[in-house]
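Student: Here it is, the structure in full.
All of the numbers you see were taken from the coordinates with simple rules; none came from a lab. Because the structure is a prediction, the values reported are computed rather than measured. Quick reminder, even Gly has a Cβ in these numbers, built from the backbone with ideal geometry, and neighbours come from all protein chains shown.
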Ligand SMILES: [Zn+2]
């Protein structure tokens, strides 16, 4: 209906500014057919009305601030209002002190007037920085202006004299002129909004008319003339307001269409503000759904037949449903069971044996429901003898750049300390009846299960656990997960690399390692880590879940497995893409177990790469450790006569260049997705921004020297991990 008329070459819209009235100066769009009701001048799709309101009243930069047009009009209006108020106040006080009017007259004239002025200012205070109120400022002002005009009519000299039965001094000089003045100012303050203008004009004329009739003023020619001037003036005002309002709305509608066309022309996939370096097939399919939804919405906005609009709405809901299913990967996971005859026993059998999801029936126990907010934080923290160490541990989950390596240097322990500290902090034994001795033994075993690799060691596990708790503590996650979820997070993080051999999945698979044979080449390491962790939890002296109700242990197990398997980097792109689609739309629904687990698994994945977002010193140390671990694998490959994996050859690897690539293509998009979802300023600041700094560091280093010489490669500090090895072996 409207799209075929916008053929004129207009370029105003791509960066629309605040100047609503500047639109009126544009001359080259006539014949615009906006869906506006010609009687009330309201848009027929209500959403458009709201957009127009926002456009004319709110600033484009800050949606809760006045638009420049509105601000100018308000300044003029309040200036005149206040000036006139002060003037009349001076006059009336002068009358009072010279004895022309009594106290009663003074009070009856000044108090309501002052009250109105206070209300006018209250509107200013109320609408300032409050978007919801600001959107209704026109109506609020209209109401007060109508009251003001009513009051002005009531202070008519003759009326006052009739009421008080005594001679009156007129408070307002040139009575009708004052009404005209405020009417005009009121029209401006309400931004020429047609219905507002009609309302205040009607109030002005009717109140004037009724007051004049009441005091029988029509015998005097002068008042009749005043009244007719007022009526003519009001009619002209309404006519102008109508034209102005109508034209603004038409132009606004045109602008909206232009803008839409502009956005669609600019990008095939609109509305994604992350600088994506990749897009998964799922995301592309979701984008197609988005485009279809958009097209349907646009079509139904211009269709007037109700039944067709109803059908379009149905289609829209179906497309939305389809999109949700696509991004959640529902097509592979879920099966709707439709049995011809209802045999409950048979149905149960099928669900138990042939459907992955029905492994156990989930009951909500009191335990799993309890949120972290319920838990009082009065815990007495363990004392490690060294006061410095105690205060160091306070940074766990609190200070992003907490240095676990320093703690390990001092105590010879890391995963054990972090685990122990956190269960004491959250008082797990008091709150959930977990056995303290079992917890101690469990964390000790976890620590001991790590090998002294340069990177994948107990320190890395403790560091990842710290980073994960940091994410939870500093975002909305803390309000949405239960205490048992937190316990699962701790265990998953601390155990996510248990017994890591310092070799990659690829190596294990290519060399037909026992581990690869056991797990059929599928997420070999991750399956092994989770399995080893649960073996520790199964042992009698370290079974911390002994006291936990059966259903809860199944939930904990499911969450831990999901989290640990998510750290498989071979699924990285699919994982980031899926998280991006779900978190954008339909959004994470924490009350859905599936969503919550998915979100926590992604949190662990980000925490696992957390070292890429730590302060440069810390980041470089961890990176050198990771490189050294790669080089050791390269040495092994060379020894066995295998092809050396990329970035694993210590003689030919440019660490700086590999880091630039790793940060640019892997870490940055992942952390952008993660911080975009969390919307927690502190996390965004400490992680996302730090990655950029680290990237800059490696870019500079890459420029400085193109490759690392063998001598340099060997001299990569073998750091503190050797001393660490000795300490572990001593135990
Ligand atoms: Zn890891």
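Student: Cut-off is 10 Å between beta-carbons; in what order do 550, 242 appear when sorted fewest neighbours first?
Tutor: In increasing order of surrounding Cβ atoms, one gets 550, 242.
Student: Arranged from highest to lowest average of other beta-carbon atoms within 10 Å per residue, in what order do the peptides 290-303, 134-147 appear?
Tutor: Highest-to-lowest ranking by the protection proxy: 134-147, 290-303.
Student: Roughly speaking, what is the stretch gain from residue 682 to residue 531, that is 0.36 nm per residue apart minus the C-alpha to C-alpha distance, in nm to one decimal?
Tutor: Going from the current span to full extension adds 50.9 nm.
Student: At residue 574 and residue 239, where each label point lies 7 Å from the Cα along Cα→Cβ, what is the point-to-point distance in nanometres?
Tutor: My value for the distance between the label points is 7.2 nm.
Student: Moving on. Normalised by the residues of the range 579-652, what does the relative contact order come to in percent, with Cα pairs under 8 Å and at least six apart?
Tutor: The normalised contact order for the range 579-652 reaches 17 percent.
Student: How far apart, in nanometres, would the label points at residue 703 and residue 499 be if each is projected 7 angstrom from Cα along the Cα-to-Cβ direction?
Tutor: For the pair residue 703/residue 499, the computed spacing is 4.8 nm.
Student: Would you mind classifying the range 444-489 by shape? Square roots of the alpha carbon gyration tensor eigenvalues, ordered a ≥ b ≥ c; an a/c under 1.5 is rounded, otherwise it is prolate if a/b is larger than b/c and oblate if not.
Tutor: Oblate is the answer for the range 444-489, as a/c is 1.5 or above yet b/c matches or exceeds a/b.
Student: Shifting gears a bit: Residue 229 to residue 163: extension gain in nm, 0.36 nm per residue of separation minus the Cα-Cα distance?
Tutor: 21.1 nm
Student: Please report the relative contact order for the range 376-730, taking Cα pairs under 8 Å with a sequence separation of at least 6, and give it as a percent rounded to a whole number.
Tutor: Across the range 376-730, relative contact order equals 18 percent.
Student: Let me make sure I get this right: for the range 376-730, a, b and c are the square roots of the gyration tensor eigenvalues over alpha carbons, sorted descending. Under 1.5 in a/c it's rounded, otherwise prolate if a/b > b/c, else oblate. Which is it?
Tutor: Rounded is the answer for the range 376-730, as its axis ratio a/c remains below 1.5.
Student: How much FRET efficiency would the formula 1/(1 + (r/R0)^6) give for residue 61 and residue 325, where r is the Cβ-Cβ distance and R0 is 41 Å, rounded to 0.05?
Tutor: Calculated value: 0.60.
Student: Under a point spin-label approximation (7 Å from Cα along Cα-to-Cβ), what is the residue 246-residue 661 distance to one decimal in nm?
Tutor: Placing both labels 7 Å along Cα→Cβ, they lie 6.6 nm apart.
Student: Further question: Extension gain residue 306-residue 410, at 0.36 nm per residue separation less the Cα-Cα distance, in nm?
Tutor: 30.0 nm
Student: Taking a ≥ b ≥ c as the square roots of the Cα gyration tensor eigenvalues, with a/c under 1.5 meaning rounded and otherwise prolate when a/b beats b/c, else oblate, which class fits the range 68-246?
Tutor: Oblate.
Student: At a 10 angstrom cut-off on C-beta neighbours, averaged per residue, how do the peptides 47-59, 116-128, 566-578 rank from highest to lowest?
Tutor: Highest mean packing first, the order is 566-578, 47-59, 116-128.
Student: Separate question: I need the peptides 178-189, 460-471, 515-526 ranked by packing, meaning the mean over residues of other C-beta atoms within 10 angstrom, with the highest value on top.
Tutor: My ranking of the peptides, most packed first, is 460-471, 178-189, 515-526.
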